[in-house]
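Step one of this worksheet: look at the structure below.
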Amino acid sequence: MLNDAQLTRLNDQIALEAYSSRLYLSMAFWAHSQRLPGVAAFFTNHHEHEEEHMHRLMDYIVQTGGRVVVGGVDEPPQEFKSITEAFDLALKHEQSISSSINALVDAFLEEKDHATYNFLQWYVSEQHEEEALFQGIIDSIELIGEDGRGRFWIDKEVRKNIGASGVENNQ
């Protein structure tokens, strides 16, 4: 059974995952407004992916006899200057989520809660994949460039990444 401090840490992570979901949903609708259907589909799928991360944590808490606290979520940004800015922000966000997951792993290992430590290993691997995914997209954007037809080719290239890091193509 999880103690109060452990529950607080896991519920805080749920809130971060909820923010991630909303951030990617915001990015998806921004991309729609920019007539970038591939980028919109990518971020919509990533939004759903983050919801799965959140629900996985919630299920774990319930299975261990704990109580899930569904708190408020800060409003994510709604406007982005460019595709590059959106993906740069996404990468920085994923890096902050990785730091949060690593802190959780450290805490549960220190407390010798091996079951939760083991459960969190999935998130460690997932974050590694997510950071690599976003960095790869940023690298492609830099090669293609956003000028002229670049936006068209970026949109097509980003769409190819739906399905990466466990994201299924539901579009």
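Assorted remarks:
- Net charge, GLU146 excluded, C-beta distance under 13 Å - Lys, Arg +1, Asp, Glu -1: -3
- List MET58, MET27, ordered by accessible area with a 1.4 Å probe, largest first: MET58, MET27
- Using the 1.4 Å probe convention, the accessible area of the chain works out to 53 Å² per residue with neighbouring protein chains retained.
- Shown for the stretch 51-106: the carbon plus sulfur share of the solvent-accessible area, taken with all protein chains present and a 1.4 angstrom probe, equals 49%.
- Percent accessible area from carbon and sulfur atoms, the stretch 1-44, protein chains only, probe 1.4 Å: 57 percent
The values are calculated or read from the model by the stated rules, or taken from the named source; none is laboratory data. Because the structure is a prediction, the values reported are computed rather than measured. Cβ sites come from the backbone with ideal geometry, for glycine too, and all protein chains shown count toward neighbours. Ligands, DNA and RNA are stripped out before the accessible areas are found, and what is left, the full protein with its side chains, is counted by its heavy atoms. Shrake-Rupley method; radii C 1.70, N 1.55, O 1.52, S 1.80 Å.
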